[in-house]
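Here's the structure, in structure tokens; my notes come after.
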Amino acid sequence: MTVTLKDILGTLQATFKQRAAEIMQVGEKGTILFVAQNENLSDSYKISEFTSAVFDMSDADLKTKIKQAFKRKVKKVILFEYKTTFASVSDVLGTLKFNWMIGLEAGDQSNISNYAIENKKFAVVYNVAADSKYVVSVANPSAVLSGGVEINDSSTITGIDLLPIVAGLCCGCPYNMSVTAYVLDELEKVTLPATISATQLTLYNEEEGVKVANPVNTLSTLNTNDTADMKDIAIMEAIQRIETDFQYTFRTAWKGHYKNKYDNQQLFIASGNGYLERLEELDLLDEEYPNKLYIDTNALRQAWITAGKDAEEINSMSDLDIAKLTYKKSLLLYAKVKILNAIEDCIITFNLY
């Protein structure tokens, strides 16, 4: 069969587009960052990585805490030790990839909280009223470890010693579940805080063992961007996952790679919609809802009008025509999605005959 050069180029182009549309993948979680002071360091900081609960370490208490974090499918623990102050080396954290972070020093709890807020990282801290969708604060003042495990030569631990356990739970919990599903069998019992707060994560003693009572972060001030749903850890993790995956894919596979025309925008949308379908399969998004990515024709109209184009002409154009009138270097899109939360409440009304 004889073909022309155009036929060959057309086939190559179709293959290229198909592969481009498959680039967007669902990222994974499972890495915790431990921040601790070590005055004996020769340098200003030291980074160590652990990918298993089997390792050697002379510091028995620190070893116990790292092993606790691996209890629930955590893939990696990064130990970041600093010599003098956290503030002096905090900029180094920007080079590390992690999903959740904790500080092992009592004096660093506010520092860890502030870093998490400023850098949009998830953190578990002890007793900090952060008012943030990125910061989870544990409120229990103490607990008792089970199985003869000790920290500081005692099975009774302080609230700050709960952070590796809770962080391991948050980081290891699958996206399609809630942290309330787990029994923390490494704990024999916990002490309830004197005052229960709706924005502090509280562990409690249930019949089957120690569990999380409220899977929440510290967000309390609500507005257009920070809604009530964002108080839930499961919702915020899903939002962060989607945002991170879209940003990574755009930055590595799209930015500067394609000219800004309608055909290429539709290719990106196809890739994004395929990604959203994958999230439905993983139960992050509701499969009964039409989770889709669209060209934002309203934003396009406003952009062109702001740029000086005739408003009457722009507003008279159909949505398809305005979608094809791509705006300079910008890809203006919007998405409609429904993120699933876990079942946390049950209300049953019995009608008796």
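The values are calculated or read from the model by the stated rules, or taken from the named source; none is laboratory data. Every value quoted in this text rests on a predicted model; they were computed, and no experiment measured them. Please note: Cβ atoms are built from the backbone with ideal geometry, for glycine as well, and neighbour counts cover all protein chains shown.
Numbers at a glance
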quantity: Any hit, the stretch 105-125, residues being among the hydrophobic types (A, V, I, L, M, F, W, C), surrounded by fewer than 22 Cβ atoms within 10 Å (Cβ to Cβ) and either closer than 18 Å to Thr202 by Cβ or more than 21 Å from the chain's Cα centre (by Cα) (or both); calculated: yes
quantity: Some residue of the stretch 229-252 being over 19 Å from Asp131 (Cβ atoms), modelled with pLDDT under 95 and over 19 Å from the mean Cα position of the chain (by Cα); calculated: yes
quantity: Sole exception among (1) surrounded by fewer than 13 Cβ atoms within 10 Å (Cβ to Cβ); (2) under 19 Å from Val166 (Cα atoms) for Ile66, by number; calculated: (1)
quantity: Every pair of residues 6+ apart whose Cβ atoms lie under 8 Å, when the first sits in the stretch 52-72 and is over 21 Å from Gln37 (Cβ atoms) while the second is surrounded by fewer than 12 Cβ atoms within 10 Å (Cβ to Cβ) and modelled with pLDDT of 95 or more; calculated: Phe70/Ser52
quantity: Index of the failed condition, Pro193 passing every other in (1) touching a residue at least 40 places away in the same chain (Cβ under 8 Å); (2) part of a loop (DSSP other than H, G, I, E, B); (3) surrounded by 21 or more Cβ atoms within 10 Å (Cβ to Cβ); calculated: (3)
quantity: Qualifying position, being in a strand (DSSP E or B), in contact (Cβ under 8 Å) with a residue 60 or more places away in the chain and either surrounded by 13 or more Cβ atoms within 10 Å (Cβ to Cβ) or touching a Lys or Arg at 6+ places or on another chain (Cβ under 9 Å) (or both), among Ala335, Ala323; calculated: Ala335
quantity: Number of the condition not met by Arg251 [criteria: (1) in a helix (DSSP H, G or I); (2) touching a residue at least 60 places away in the same chain (Cβ under 8 Å)]; calculated: (2)
quantity: Hits in the stretch 196-229 - residues which are among the β-branched types (Val, Ile, Thr), in a loop (DSSP other than H, G, I, E, B) and surrounded by 15 or more Cβ atoms within 10 Å (Cβ to Cβ); calculated: Thr199, Thr202, Thr218
quantity: Failed condition for Asp185, given (1) under 21 Å from the mean Cα position of the chain (by Cα); (2) at pLDDT 95 or above; (3) not hydrophobic (A, V, I, L, M, F, W, C); calculated: (1)
quantity: Cβ-Cβ under 7 Å pairs, at least 6 apart or on other chains, the stretch 159-175 side in contact (Cβ under 8 Å) with a residue 24 or more places away in the chain, far side among the acidic types (Asp, Glu); calculated: Ile165/Glu186; Tyr175/Glu237
quantity: Candidate set: the stretch 52-104, residues that are in contact with an Asp or Glu (Cβ under 9 Å, 6 or more places away or on another chain) and assigned to a helix (DSSP H, G or I); chosen: the one nearest to Gly159 (Cα to Cα); calculated: Lys65
quantity: Tally of residues being more than 22 Å from Tyr275 (Cα to Cα) and part of a helix (DSSP H, G or I) across the stretch 231-243; calculated: 1
quantity: Meets criteria (modelled with pLDDT of 95 or more, surrounded by 16 or more Cβ atoms within 10 Å (Cβ to Cβ), under 21 Å from Pro193 (Cα atoms) and not β-branched (Val, Ile, Thr)) for Leu145; calculated: yes
quantity: Residue count for the stretch 35-62, restricted to those that are closer than 17 Å to Lys73 by Cβ and either among the hydroxyl-bearing types (Ser, Thr, Tyr) or surrounded by 15 or more Cβ atoms within 10 Å (Cβ to Cβ) (or both); calculated: 3
quantity: Every residue from the stretch 308-353 that is closer than 30 Å to Glu287 by Cα, among the acidic types (Asp, Glu) and at pLDDT 95 or above; calculated: Asp319
quantity: In the stretch 142-163, residue farthest from the chain's Cα centre (by Cα) [restricted to those that are of a type in the set (Val, Ile, Thr) and under 13 Å from Thr191 (Cβ atoms)]; calculated: Thr156
quantity: Qualifying positions in the stretch 231-245 - buried (at least 19 other Cβ atoms within 10 Å of the Cβ) and either farther than 17 Å from Asn291 by Cα or not charged (D, E, K, R) (or both); calculated: Lys231, Asp232, Ile233, Ala234, Ile235, Met236, Glu237, Ala238, Ile242
quantity: Flag if Tyr82 is without any contact (Cβ under 8 Å) to a residue 60 or more places away in the chain, aromatic (Phe, Trp, Tyr) and in contact with a Gly (Cβ under 7 Å, 6 or more places away or on another chain); calculated: no
